[in-house]
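One structure is given below, encoded as structure tokens.
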Amino acid sequence: MMKRTVLMDCVRYLPAIAAICLAAPAAYGQLPHGQPVTGDAEAEAVLNADLELLLSWFEGRFDNDREVFFAEEAGVPEEGRNGRIHSIFRKVELPAFGEHVFYVEQYAGGDPENIYRQRIYRFVADAEANAIRLDIYAPNDAASLRGAWRDPSLLEGLTPADTVSYPGCEVYWRRRENQFVGETVRGACVVQSRQSGRTLVIEDDLVLTPDAIWIRDRAQTSEGEYVYGNRMELPHRLLRARPFECWVAVMRGASHGDSGDGMTDWQFLRDIWLHDQGGRAIVRTDETPPREIELRLRDVEWPARDRRGSLTLYVHEAGNDRALSYAWGEAGAERLGLNLRWLQASCTHTPGSWGP
């Protein structure tokens, strides 16, 4: 009964891709390759059109802040709660790998410095498998590529010889109505862990829509011992993060609650970047001693859908999770601002902005 409750809560988050919540093996099973379409011009054209659509959906930044924030309210038991992750998928030009190539950087806990995964992804329309194949490459010197999503020049000269790939770990994507379902071949992805030296069997299930990517990856030893993955087989539910650029004005010498009456000494700070899936930015005043003020932005949609969603801008003293104040507008709003007398802020959606 507990698992059924969790699955129902999972469905409330995003019904369009709720199928991935049904994590029983029967929902996926051994992945057979589809009927080959090599030489079938019409079928190959469909496969290539699907590839172009997948590529357009895949690029961007995704975060599961909403899932983590509402886990308790959604009734997810502790053992089924996922940690927060942020994924950056940026298309890059790396001819040595092929035509459709992405640099991938993922970090945990909302901390951009806590990078846990860097990869090169290559997408190919695989007519033999009748699927879109994702080939994955792990850079040998990942540290030198940190931030390559913002500075692609860091990737110059990179070739497959500078990476490690694992045959059998490819992900095969197929379009299912208005979503793509990706799967590894069961039992085929066998790797030796660089950290422990143990032999691991890795499996991955994914769903991609225009606005989200859900990821359920897990690993066990060749003896069947659990290594990582959600113990209740629930996916990380990442939503597409919209970028915003903000400005802040802080009244020097004024504190929260001050009216600012008669005070005119303002410090203006510009080019502050946030995203709407729990993005955070700290601004530092030029006072003595300086103050640190944190802005947070969240596009809130309630799990039970019994309240209207809202785009919410929070103001915090850095390090304090309790907001000093906040303002909200319609979910999906393009612009949001607030005026606390001692502080003013405004954030505007800036499509195409990748962040600092």
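List of remarks:
- R0 of 41 Å, Cβ-Cβ distance ARG284-ASN48: FRET efficiency to nearest 0.05: 0.25
- Working ranking of peptides 62-74, 160-172 by packing, defined as the average number of other Cβ atoms within 10 Å per residue, highest first, is 62-74, 160-172.
- Mean separation of Cα contacts under 8 Å, 6 or more apart, over the residue count of region 124-238: relative contact order %: 16 percent
- Theoretical FRET efficiency, 1/(1+(r/R0)^6), r = Cβ-Cβ of TRP302 and ARG146, R0 51 Å, to 0.05: 0.90
- Potential lengthening between PHE69 and ASP40 on full extension [0.36 nm per residue; Cα-Cα distance subtracted]: 5.7 nm
- Value at 222 nm in deg cm²/dmol, rounded to 500, when DSSP H runs of n ≥ 4 in the chain each add -39,500 (n - 2.57): -3000 deg cm²/dmol
- Distance (nanometres) between label positions extended 7 Å along Cα→Cβ at SER353 and GLU245: 0.5 nm
- Label-reachable residues, region 243-263, where backbone N falls under 20 Å from a point 7 Å from ARG291's Cα toward its Cβ: 246-263
- Region 206-356, relative contact order [Cα under 8 Å, separation at least 6], %: 21 percent
- Those trypsin sites (Lys or Arg not before Pro) in region 189-290 that DSSP places in a loop and that have at most 16 other beta carbons within 10 Å: ARG194, ARG198, ARG231, ARG252
- Centre-to-centre, using Cα atoms only, region 93-125 and region 172-222 are separated by 15 Å.
- Calculated FRET efficiency, ARG194 to ARG341, Cβ-Cβ distance, R0 = 51 Å: about 0.40 to the nearest 0.05.
- Couplings for region 200-210, taken from phi via the Karplus curve 6.51 cos²θ - 1.76 cosθ + 1.60 with θ = phi - 60°, read 10, 10, 10, 10, 9, 10, 9, 9, 10, 10, x Hz in order; Gly and Pro are left as x.
- Per-residue HN-Hα couplings for region 253-268 [Karplus 6.51, -1.76, 1.60; θ = phi - 60°; Hz; x = Gly/Pro]: x, 9, 10, 4, x, 6, 7, x, 4, x, 9, 9, 8, 10, 10, 9
- Dipole magnitude of the chain about its Cα centre (Cβ charges: Lys, Arg +1; Asp, Glu -1), debye to nearest 20: 640 debye
- For the chain: relative contact order, % (alpha-carbon pairs under 8 angstrom, 6 or more apart): 14 percent
- Tilt relative to the chain, helix 41-58 - C-alpha long axis, 0 to 90 degrees, to 10: 30 degrees
- Approximate spin-label separation ARG186-ASN320, in nm, with each point projected 7 Å along Cα-to-Cβ: 5.4 nm
- In sequence order, region 119-131 has phi-based couplings of 9, 10, 10, 10, 9, 9, 6, 9, 5, 5, 8, 6, 7 Hz under the Karplus curve 6.51 cos²θ - 1.76 cosθ + 1.60, θ = phi - 60°, and Gly or Pro positions carry x.
- Seen against the Cα atoms of the chain and their longest principal axis, helix 2-13 is set at about 70 degrees.
- Of the residues ILE282, GLY75, GLY319, the one whose Cα sits farthest towards the positive end of the charge dipole of the chain is GLY75 (charges of +1 on Lys and Arg Cβ, -1 on Asp and Glu Cβ, taken about the Cα centre).
Read-outs throughout are calculated quantities, based only on the coordinates presented, and are distinct from any laboratory measurement. On a predicted model such as this, the values are computed, not experimentally measured, just so you know. Note that we place each Cβ from the backbone using ideal geometry, even for glycine, and neighbour counts take in every protein chain shown.
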